[in-house]
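Some notes on the structure that comes next.
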Amino acid sequence: METVGLFFWNKLAVLILILGAAILISRFFCRVLCPLGAFYSLFSRISLVQLEFVEGNCVECGACVRRCPTGVVPNKEFNSRECIMCLKCVDACHFSALDFSIRRPPGKRPKVKRVTSLYKS
Ligand code: SF4
Ligand code: SF4
């Protein structure tokens, strides 16, 4: 009977830890605990879709970082294995520094239009 009680308190502690982390950290379960997510992330390097980043357009405003639900820094680690292609960063970027594209062989990538902004000299 005492053993059953010990198991119960252990499980309750784990549950509270996971719930607490899920409240404090965006997509905690998917990013840290989900084995399926870890398996799927292996295929992200050969994904047919990808993010395009135009470094010259980025003004480091951080809007994309604030919108990313998985904690990726899109303008530093675009096409990270943690990226779920939600495209919230593309939506957040008002400087055309991020875009979505179909993966093409190197050398066959289209020219991405560069924009000038009020914040760049
Ligand atoms: S939102 Fe666009 S301009 Fe701002 S940091 Fe991200 S990529 Fe750069
Ligand atoms: S597509 Fe979504 S998950 Fe991927 S870097 Fe952008 S905001 Fe983050």
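The values are calculated or read from the model by the stated rules, or taken from the named source; none is laboratory data. Please read these numbers as outputs of a predicted model, since none were measured by experiment. A quick note on method: Cβ atoms are made from the backbone with ideal geometry, for glycine too, and the neighbour counts reach across all protein chains shown.
Summary table below
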item	result
Of residues in segment 41-74 being within 9 Å of ligand 2 (Cβ to nearest atom) and assigned to a loop (DSSP other than H, G, I, E, B), the one nearest to ILE102 (Cα to Cα)	PRO74
Among the residues listed as VAL90, VAL73, VAL59, the single one being outside the structural domain of ILE18 (by TED's automatic domain parsing), within 14 Å of ligand 1 (Cβ to nearest atom) and within 26 Å of GLY20 (Cβ to Cβ)	VAL73
Pairs, first among the basic types (Lys, Arg) in segment 77-90, second part of a helix (DSSP H, G or I) and within 14 Å of ligand 1 (Cβ to nearest atom), C-beta under 6 Å, six or more apart	LYS88/ARG67
Pairs, first loosely packed, with under 11 Cβ neighbours inside 10 Å in segment 43-67, second of a type in the set (Val, Ile, Thr), C-beta under 9 Å, six or more apart	LEU48/ILE102
Hey, ALA38 assigned to a helix (DSSP H, G or I) and in contact with a Phe, Trp or Tyr (Cβ under 8 Å, 6 or more places away or on another chain) or not	no
Residues satisfying the stated conditions in segment 85-96, i.e. part of a loop (DSSP other than H, G, I, E, B), surrounded by 18 or more Cβ atoms within 10 Å (Cβ to Cβ) and in contact with a Pro (Cβ under 9 Å, 6 or more places away or on another chain)	CYS93
Residue check, VAL32 among the hydrophobic types (A, V, I, L, M, F, W, C), surrounded by 11 or more Cβ atoms within 10 Å (Cβ to Cβ), under 21 Å from PHE100 (Cβ atoms) and within 16 Å of ligand 2 (Cβ to nearest atom)	no
